[in-house]
Amino acid sequence: MEISSLQIVLVFLVGCLSGMGSILDEFQTPRPLIACTLTGLVLGDMTTGIIIGGTLEMMALGWMNIGAALAPDAALASIISTILVIAGKQEMGTGIALAIPLAAAGQVLTILVRTITVGFHLHAITWLHLSALLLQAMRVAIPAVIVASTVGTNAVKEMLDAIPPVVTGGLNVAGGMIVVVGYAMVINMMRAPHLMMFFFVGFVVAAFTNFNLVALGVLGVALAYFYIQMHPKYHKGTGSATAAVAQRSKLDDQLD
């Protein structure tokens, strides 16, 4: 697929938006679901972008910056993986597998850029912030433009085809494991062992039935509603109210 000049400019802007969002930690633009969807929209296949974004979002659930520890870069991995799948005509599994090393490369780049921005000594504090933010934008936008500009060439296609199947297969397996690790980190942070039974029930239902995500979602909502209705914690006043009504009825009977 040939990418037009306008699409390259739009990919650059999406990369800037995602790169700045990854350092601001305020907006959700670096999240795979947003970055992949916007990239798919720019390249004319938003459906594929949403599918890739949803899959990578599962992998990145447990990725977060904690103190000085930086998580793998989901923004760079999301945009370049989407470009390779849509414009490079690669398999979905290949693009998702390549997201893992791309995220690691983006992590190195963001550490480098953050180190560079520490050395900025400008008089205007506003210019200082804008310049540092611009570097984060370029960190994602420039690699995205390079890939988008060369993805249609035979050299890139030959390079991707030269990756041994054992490597792509191993990356696919690793990607599946990272999804599980992401879920495990989120569940561990929730610290709700009394809800683990629902997790295992959901796993069994998803593994041994042909329910789609909509059916599983409806089933989960129903189980949550049933749990809330049955748990005593959510009905502390029900017992006293029932006793008061019964006592009032008994008093009425005596007066009669």
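Restricting attention to the range 173-222, the residues being modelled with pLDDT of 85 or more, of a type in the set (V, I, T) and open to solvent by 90 Å² or more (accessible area, probe 1.4 Å) number 3. Of all the numbered requirements in (1) modelled with pLDDT of 75 or more; (2) under 28 Å from S4 (Cβ atoms); (3) open to solvent by 40 Å² or more (accessible area, probe 1.4 Å), I111 misses one, and that requirement is (2). Within the range 1-27, the residues that satisfy the criterion of being in a helix (DSSP H, G or I) and not hydrophobic (A, V, I, L, M, F, W, C) are S5, Q7, G15, S18, G19, G21, S22. Does T82 satisfy the condition of being within 16 Å of A137 (Cβ to Cβ), among the polar types (S, T, N, Q), open to solvent by less than 10 Å² (accessible area, probe 1.4 Å) and assigned to a helix (DSSP H, G or I)? Against the criterion (within 16 Å of A137 (Cβ to Cβ), among the polar types (S, T, N, Q), open to solvent by less than 10 Å² (accessible area, probe 1.4 Å) and assigned to a helix (DSSP H, G or I)), T82 does not qualify. Scan the range 8-50 for residues that are under 19 Å from M92 (Cβ atoms), of a type in the set (S, T, N, Q) and open to solvent by 20 Å² or more (accessible area, probe 1.4 Å) and the total you get is 3.
The values are calculated or read from the model by the stated rules, or taken from the named source; none is laboratory data. A quick note: this is a predicted structure, and the numbers were derived from the prediction, not measured. Using ideal geometry, Cβ is built from the backbone for each residue, glycine included, and neighbour counts are taken over all protein chains shown. Areas reflect the complete protein model, heavy atoms only, side chains present, ligands, DNA and RNA absent. Shrake-Rupley method; radii C 1.70, N 1.55, O 1.52, S 1.80 Å.
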